[in-house]
Amino acid sequence: MAQEPTQETSKFAGQATSSRRVPIGEILIAEGLIKPSELDAALGYRQEKGVKLGQALVALHLVTQADIARALRSQGKVHCIHLTPGIIDPDIAGLLGEERSRKLQAIAINKIAGVITVAMEDPSELYNVDAISMHLGAPVFAVHSEPDHVEHCLNVVFKRVEENTGPSVNDILSRSDAIGSAVNLEAAGEEEETSDADLDQPVINMVRAVVEEAFSMGASDIHLEPRSSCFVVRFRVDGILQDRIKLPKGWARPVLARLKILANLDIAERRLPQDGRAQAEIRGYRVDLRVATTPCLHGEGAVIRILDGGRKLLDLASLALDPRQLEDLKRMVEGGEGIVLATGPTGSGKTTTLYAVLQHLNSPESKIITVEDPVENQLEGATQINMNPKIGLNFARGLRSILRQDPDVVLVGEIRDEETAQIAVQAAMTGHIVLSTLHTNGAAESITRLRDMNVEPYLLADTLRGLVAQRLVRRICPNCKYFIEPKQGMIERLGLKGNEGQFSAGKGCDNCNNTGYKGRLAIYEVMRIDPTLASIVRRDGGVEALRNAAIESGAATLRTDGLRKALAGQTTLDEVYAATVRDS
């Protein structure tokens with residue numbers, strides 16, 4: 001029989017609410033992290049989704065989990081902890097049990113002087129704290145931890161994933177005898193390379209460790225580069241390449257051979273570039289790898305693109321769109337027919353945006369078919385097709401085929417040629433919603449690109465519903481963020497007046513690898529084709545006329561949206577300028 005909470009229990013469980021707390025929203029506004037209008041939007045999202053305010057603010061990309069933790073500390077009523085598996089006593093965690101821990105999203109950490117410390121997202125939820133205390137039969141000291149950290153620790157402690165799935169890159173290098181033999185060969189001036197057989201197991205371990213480490217760091221690509229005296233591994237994290245490790249040159253051939261085996265490529269072919277795909281299971285996630293090899297001056301190199309096919313898809317509300325942009329995007333795709341295009345350079349998040357649209361449109365009443373090269377995300381309920389140019393299955397042929405499958409919504413990975421563009425327009429005219437991407441600098445420039453593909457202006461005016469141009473900028477590290485005075489040159493380049501608000505930057509810390517940045521967010525230019533813009537498209541009025549009309553209607557340019565996010569302390573002026581310099 002469950003016992004009633006004792007006075008001692010209440011002392012610890014209820015200490016966060018002994019006096020009125022300053023609301024989290026007020027603290028975040030006072031710190032300049034959000035605006036009152038953004039708080040209103042988050043409150044609406046909270047009511048709509050039935051989540052906590054902090055979760056709503058994070059989901060809308062207005063703040064980070066670290067910002068929420070800092071705000072809770074500012075209240076002075078909630079204790080926060082940086083939760084890692086290493087500080088958890090598995091026996092104490094086991095007292096609460098996996099099922100109950102996951103249900104309450106809490107984990108018992110340790111027991112000191114009869115009091116059990118429990119980490120959870122909101123320690124002020126007394127009902128949950130009391131339930132935990134009664135189950136454990138002991139007083140509980142509830143502390144705040146970021147929900148992602150709680151989830152990860154639950155997975156590690158209850159053996160859903162291993163904290164270390166294998167030796168690290170550094171472990172392999174420090175233990176491998178093969179490294180020593182390779183170095184000795186180079187030091188002695190030998191021209192022959194280390195035997196592949198000698199390096200077999202270390203190479204297998206090395207490739208696995210490099211991929212796992214890159215995935216853990218959030219890298220999008222792994223670069224394997226042969227040089228005159230070494231073999232270099234670099235990771236692209238948040239859009240920036242950074243050196244990870246330098247290997248003796250003798251590793252190059254066996255590492256490339258191992259990659260070719262994984263990607264089903266020809267091991268003997270070293271003179272021609274090859275492309276392939278592989279799949280890995282990392283900490284419970286399915287990760288797709290695209291492997292591209294190429295002959296270089298000093299040997300054969302490769303780039304591995306990491307596609308996390310198991311990641312959680314974002315919905316429209318989770319994109320970093322302001323309320324006007326979000327409303328315009330919804331109106332674009334809810335008409336039942338027409339073309340909506342996402343534009344921007346490679347790696348700017350276009351596919352993420354289009355999949356958020358698909359999430360919005362996905363329902364039992366709609367048939368969704370995608371044709372992609374390759375399929376990067378799995379969407380429950382959709383029919384997804386991988387292109388295969390080697391057998392003639394390209395975008396044009398795939399699109400023509402799926403139109404016979406009675407779809408309501410069609411996603412074409414990219415419009416690359418005139419044939420695909422013409423079929424997409426015909427599909428939109430016959431009652432389908434067509435989503436696709438283009439590689440252009442801005443939204444208005446997409447009209448010119450489609451005209452270059454011989455799509456008639458009157459057809460574009462009738463079928464095009466809207467365009468979303470986007471770029472990714474690096475997000476300021478929340479752990480080392482501080483206010484700065486912008487340089488006068490940057491103020492002039494961005495056309496600022498100098499008194500528009502406070503701007504931030506990151507000093508650099510261990511959390512961000514001393515870069516001052518942690519993660520990325522998108523800046524957007526959303527252009528809904530209303531009757532005024534459609535008339536400009538119909539008469540082929542040009543890029544400037546289209547852009548000016550969109551601005552007059554209240555649409556934000558990429559630079560405007562970037563400056564808005566810089567003023568909110570999410571990114572820096574340098575990042576905004578670098579991402580929008582072509583729009584100057």
extent check for the range 366-445: Cα max minus min per principal axis, descending, whole Å, gives 34, 31, 22
Tell me, what HN-Hα J-couplings in whole Hz come from the Karplus equation 6.51 cos²θ - 1.76 cosθ + 1.60 at θ = phi - 60° for each residue of the range 535-552, using x for Gly and Pro? 5, 5, 4, 4, 8, 6, x, x, 5, 5, 4, 5, 5, 5, 5, 5, 5, 4
List the residues, sorted by chain then number, that are 5 or more residues from residue 320 or on another chain and whose placed amide H is less than 5 Å from its amide H. 522
Whether the chain is rounded, prolate or oblate, judged on the alpha carbon gyration tensor where a/c under 1.5 counts as rounded: oblate
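Going through the cross-link list 49/367; 52/367; 159/246; 49/487; 52/330, which pairs have a Cα-Cα distance over 30 Å in this structure?
Distance filter (> 30 Å) returns 52/367; 159/246; 49/487.
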Among 216, 132, 144, the residue whose Cα sits farthest towards the positive end of the charge dipole of the chain, when +1 is placed on the Cβ of each Lys and Arg and -1 on the Cβ of each Asp and Glu, is 144
My understanding is that a pair violates if its Cα-Cα distance is over 27 Å; which of 103/350; 260/390; 350/390 do that in this structure? 103/350
Average accessible surface area per residue within the range 348-457, 1.4 Å rolling probe, Å²: 42 Å²
In whole Hz, what ³J(HN,Hα) sequence does the range 207-224 give by Karplus (6.51, -1.76, 1.60; θ = phi - 60°), x for Gly and Pro? 4, 4, 5, 5, 5, 5, 5, 4, 5, 5, 7, x, 6, 8, 9, 10, 9, 10
Please sort by residue number the GluC sites (Glu not before Pro) in the range 463-565 whose DSSP state is loop and whose Cβ has at most 13 other Cβ atoms within 10 Å. 500
Span per principal axis, largest first, for the Cα atoms of the range 466-577 (Å): 55, 27, 17
For the range 518-563, compute Rh as the Kirkwood radius over C-alpha pairs and then the Stokes-Einstein diffusion coefficient at 20 °C and 1.002 mPa s; write the answer in µm²/s, rounded to an integer. 185 µm²/s
How long are the semi-axes of the ellipsoid equivalent to the range 245-355, from square roots of 5 times the Cα gyration tensor eigenvalues, in whole Å, largest first? 40, 16, 13
Heavy-atom accessible area of residue 67, protein chains in place, probe 1.4 angstrom, given in Å² to nearest 10, is 10 Å²
Kindly provide the helix-only [θ] at 222 nm of the chain, computed as the sum of -39,500 (n - 2.57) over DSSP H runs of four or more divided by all residues, to the nearest 500 deg cm²/dmol? -11500 deg cm²/dmol
Treating only the Cβ of Lys, Arg, Asp and Glu as charged (+1, +1, -1, -1), what charge dipole size does the chain show about its Cα centre? Round to the nearest 20 debye. 880 debye
Could you put 343, 515 in order of accessible surface area, largest first, with the 1.4 Å probe and the full protein assembly present? 515, 343
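Before anything else, pin down the relative contact order of the chain: Cα pairs under 8 Å, at least 6 apart, normalised by residue count, whole percent.
In percent, rounded to a whole number, it is 9.
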Semi-axes, largest first, in whole Å: what does sqrt of 5 times each Cα gyration tensor eigenvalue give for the range 323-472? 20, 18, 16
Among the Cys residues of the chain, which have no other cysteine Cβ under 4.7 angstrom away? 80, 153, 230, 296
Using the Karplus curve 6.51 cos²θ - 1.76 cosθ + 1.60 with θ = phi - 60°, what ³J(HN,Hα) values do you get for each residue of the range 388-403, in whole Hz, with x for Gly and Pro? 9, x, 4, 10, x, 8, 9, 4, 5, 5, x, 5, 4, 5, 6, 5
In whole percent, how big is the carbon plus sulfur part of the accessible area of the range 463-584, probe 1.4 Å, protein atoms only? 45 percent
Please work out whether the range 486-539 counts as rounded, prolate or oblate from its C-alpha gyration tensor, where a ≥ b ≥ c are the square roots of the eigenvalues and a/c under 1.5 means rounded, while otherwise a/b larger than b/c means prolate and anything else oblate? oblate
When the solvent-accessible surface of protein heavy atoms is calculated with a 1.4 angstrom probe, in what order do 82, 149, 135 fall, highest first? 82, 135, 149
Please list the non-local residues whose amide H lies under 5 Å from the amide H of residue 503, H modeled 1.01 Å from N, same-chain partners needing a gap of 5 or more. 484
Residue 487 versus residue 582, label points 7 Å from Cα toward the beta carbon: distance in nm? 2.4 nm
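Can you pull the percent of the range 200-240's accessible area that's carbon plus sulfur, 1.4 Å probe, other chains left in place? Don't skip to the end; give the middle numbers.
Details: 740 of 1440 Å².
Answer for the range 200-240 is 52 percent, counting heavy atoms of protein chains only.
The values are calculated or read from the model by the stated rules, or taken from the named source; none is laboratory data. Every value quoted in this text rests on a predicted model; they were computed, and no experiment measured them. Neighbour counts run over all protein chains shown; Cβ positions are idealised from the backbone, glycine included. Please note that ligands, DNA and RNA were not included when accessible areas were found on the heavy atoms of the full protein model with its side chains. Shrake-Rupley method; radii C 1.70, N 1.55, O 1.52, S 1.80 Å.
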